[in-house]
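This report concerns only the one structure given below.
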Amino acid sequence: MPKFLHISDIHLGFDRYDSKTRTLDFFYALQDVLEKYAVGESVDFVIVGGDLFEHRNIQPAILNQAQICFRLLQEADIPVLAIEGNHDNAPYGTKSSWLRYLSDWGLLKLLEPGDIGKGEPFYTHWNEDTQRGGYIDLDCGVRVLGSSWYGAAAPRAIEQIAEALSDLPAAPGPSILLFHHGLEGQISRYSGALRYKEMLPLKKAGIDYLALGHIHKNYEEDGWIFNPGSLEANNVEESQFDRGAYLVEIDADGIKATLKQDYYQRSIVRLQLQMRTQDAIEKVTEEAIALIQKSLKAKTIIPADQPIVELRIHGTVGFDRLELNTKALQKQLQEQCNALIFLLRYDVDEAAYASPIADEASRLEVEQEVFTDLLSANNNYKKRAAHLARGLIDLKDRQIAGESEERLYELVENILEKED
């Protein structure tokens, strides 16, 4: 009974938040998954569905992380079969990728179709001497086939793969195809996803397990299409997705794929705070601090874990939204909860005031309403808006009349000090 581990979208070298610690999270996640669910479960092989790396050009330390992880499998005599994803392609101007480097050094087997344009057959069996091939028949009785990253040409590539499968000798058992593309309807804002019917030629051609990658969310379809999702969340939005590694067993009863999620992952906490028009600027800071304290008490945030925390402040405020020092607030909140990364999303709107003005209103009435609206939009002045508006009109008239600056300053002081 063949047993294998299916992982994808590992993204070693992830650096979106400019945090070395966060970059290491992706290495620790891969290392832990391989130790627990490959070596620990004594699988026959591991398949990688693309995007091993975050960037096409990688730093030596990131290459070293990949080598450390795959040597664990090499020492356990567990072969690794991989394909390139859209992040793994050879850097521009070069003919070789870093997955090809790892393959040449025997740490994995990069399964690549041949170049038909150059007269090569689409699929050739893996050759240990040349470290080249498009498919391999394993001792456990499973055939694993590779593919490339096709982008928008994926539907045509599927037809080509299906045709090539018919030319191969009979498989010794179940056939697995690694394919780095997504299925339609799984996530929003993804225009390149394939429709289910576009993948059906692969099933008809004899593929028993279609091992997908690319989309960072776990899903499966109709008992033969499987996507584990990324090992780590690449952004806070992805924290809502189920994702992990598939531990798969194939027997006479069919395919049993179990999603494994108990491995090293940094916790991500997303919070929201809604503001109201009557809230003063000080209220934003007070309520944000209170929300963090509440989350700490409820252990939604565990400081010892150094989580990633996102706080989205939204709603409508009665002051100029730029008056809030968001950088200072972000720093204060991050220190309170000991977050590795604290993301403050400040998405508020300013209250808009516009009193109806009759067509026959006098100039004085128009000025009174305009000044009142402007003052009412500021939480500090709205309770005295009408009084201050009259004072501003008086100040304007005196300035036009040529009154001295000294007298004008005195008038301003009187306006601000006087209560309604």
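Taken together, the values in this text are just the output of simple stated rules run on the coordinates, not laboratory data. All figures in this text were calculated on a predicted structure; none of them were measured in a lab. Note that each Cβ is placed from the backbone with ideal geometry, even for glycine, and that neighbours are counted across all protein chains shown.
I need the chymotrypsin sites (Phe, Trp or Tyr not before Pro) found in the range 6-76, filtered to DSSP loop residues with at most 12 other beta carbons within 10 Å of theirs.
Details: sites: F14, Y17, F26, F27, Y28, Y37, F45, F53, F70; in loops: F14, Y17.
Qualifying residues, ordered by number: none.
For the chain, the longest stretch holding no GluC sites (Glu not before Pro) located in a DSSP loop with at most 16 other Cβ atoms within 10 Å is which?
Values: sites that count: E41, E128, E184, E360, E403, E419.
Result for the longest clean stretch: 185-359.
Run the helix sum for the chain: -39,500 (n - 2.57) per DSSP H stretch of 4+ residues, divided by residue count, reported at 222 nm to the nearest 500 deg cm²/dmol.
Details: 10 runs with 130 residues, N = 420.
Computed mean residue ellipticity for the chain: -10000 deg cm²/dmol.
Working out 0.36 nm times the residue gap between R16 and S267, then minus their Cα-Cα distance, what length gain in nm do you get to one decimal? Before the final figure, lay out each step's value.
On the way: separation 251, 0.36 × 251 = 90.36 nm, distance 1.65 nm.
In short, 88.7 nm is gained.
In debye, nearest 20, what is the charge dipole magnitude of the range 151-201 about its Cα centre with +1 on Lys and Arg Cβ and -1 on Asp and Glu Cβ, if you could check? Present the calculation step by step, with values, prior to reporting the outcome.
Values: 4 positive and 5 negative charges, 49 e Å.
My answer is approximately 240 debye.
Please state the relative contact order of the chain as a whole percent: Cα pairs under 8 Å, 6+ residues apart? Working shown, then result.
On the way: 789 pairs, mean separation 50.2, N = 420.
Once normalised by length, the contact order is 12 percent.
Provide the percentage of antiparallel DSSP beta bridges, counting only those with both residues in the chain; round to the nearest 5.
30 percent
Which trypsin sites (Lys or Arg not before Pro) in the range 1-44 pass both tests, a DSSP loop state and at most 14 other beta-carbon atoms within 10 Å? Don't skip to the answer; put the middle values down first.
Details: sites: K3, R16, K20, R22, K36; in loops: R16.
Filter output for the range 1-44: R16.
By per-residue mean of other Cβ atoms within 10 Å, what is the highest-first order of 391-397, 171-177? Present the calculation step by step, with values, prior to reporting the outcome.
Details: 391-397: 15.0, 171-177: 20.4.
Order by mean packing, descending: 171-177, 391-397.
Among V284, Q330, V348, whose Cα projects farthest towards the positive end of the dipole of the range 269-350, with charges put on the beta-carbon of Lys, Arg (+1) and Asp, Glu (-1)?
Value: Q330.
Positive end of the charge dipole of the chain (Lys, Arg +1 and Asp, Glu -1 on Cβ, about the Cα centre): tell me which of I10, P174, Q368 has its Cα farthest that way.
P174
Nearest 20 debye, what's the magnitude of the dipole of the range 269-350 about its Cα centre given +1 on Lys and Arg Cβ and -1 on Asp and Glu Cβ? Don't skip to the end; give the middle numbers.
Values: 11 positive and 12 negative charges, 75 e Å.
Dipole size: approximately 360 debye.
Check each of the trypsin sites (Lys or Arg not before Pro) in the range 255-288 and keep only those in coil by DSSP with at most 14 other C-beta atoms within 10 angstrom; list them in order. Show your work: numbers first, answer last.
Numbers: sites: K256, K260, R266, R270, R276, K283; in loops: R266, R276.
Within the range 255-288, the qualifying trypsin sites (Lys or Arg not before Pro) (loop, at most 14 other Cβ atoms within 10 Å) are R276.
Starting from the Cα of K118, draw a straight line to each of the lysines and keep only those under 26 Å, dropping any in the same chain fewer than 8 residues away.
Counting by Cα, and skipping residues close in sequence, K118 has these lysines nearby: K95, K109.
With each pseudo-label sitting 7 Å past Cα toward Cβ, what's the L364-R345 distance in nm, one decimal?
Label at L364, label at R345, 5.1 nm between them.
Ranked from highest to lowest mean number of other Cβ atoms within 10 Å per residue, what is the order of the peptides 117-125, 240-248, 291-299?
Working: 117-125: 12.2, 240-248: 20.1, 291-299: 13.8.
In descending order of packing, they fall as 240-248, 291-299, 117-125.
Taking amide H atoms as placed 1.01 Å from N in the peptide plane, list the residues 5 or more away in sequence, or in a different chain, whose amide H sits under 5 Å from that of E184.
Amide H neighbours of E184, under 5 Å, 5+ apart: L194, R195, Y196.
If you add up the charges near D129, with Lys and Arg at +1 and Asp and Glu at -1, over every other residue whose beta carbon is less than 14 angstrom from its beta carbon, what do you get? Numbers along the way, then the final one.
On the way: positive: K109, R132; negative: D104, E128.
Computed value for this residue: 0.
Can you tell me the dipole magnitude for the chain around its Cα centre, using point charges on the Cβ only (Lys, Arg +1; Asp, Glu -1), in Debye to the nearest 20? Spell out each step's value before the answer.
On the way: 44 positive and 67 negative charges, 107 e Å.
That gives the chain a dipole magnitude of about 520 debye.
Each residue of the range 264-277 in turn: what ³J(HN,Hα) in whole Hz from Karplus with 6.51, -1.76, 1.60 and θ = phi - 60°, glycine and Pro shown as x?
Those phi angles translate into 4, 8, 7, 6, 10, 10, 10, 10, 9, 9, 9, 9, 10, 4 Hz.
Sorted from largest down, give the three principal axis spans of the alpha carbons of the range 158-204, whole angstrom values.
Extents along the principal axes: 40, 18, 15 Å.
Going by amide H atoms built from the backbone, whose H comes under 5 Å of the H on D44, apart from near neighbours?
K3, F4
Please report how far the C-alpha centroid of the range 130-156 lies from that of the range 169-210, rounded to the nearest whole angstrom.
Their Cα centres are 12 Å away from one another.
For the chain, with the dipole built from +1 on Lys and Arg beta-carbon atoms and -1 on Asp and Glu ones, taken about the Cα centre, which of F319, Y123, Q59 lies farthest toward the positive end?
Farthest along the dipole direction, towards plus: Y123.
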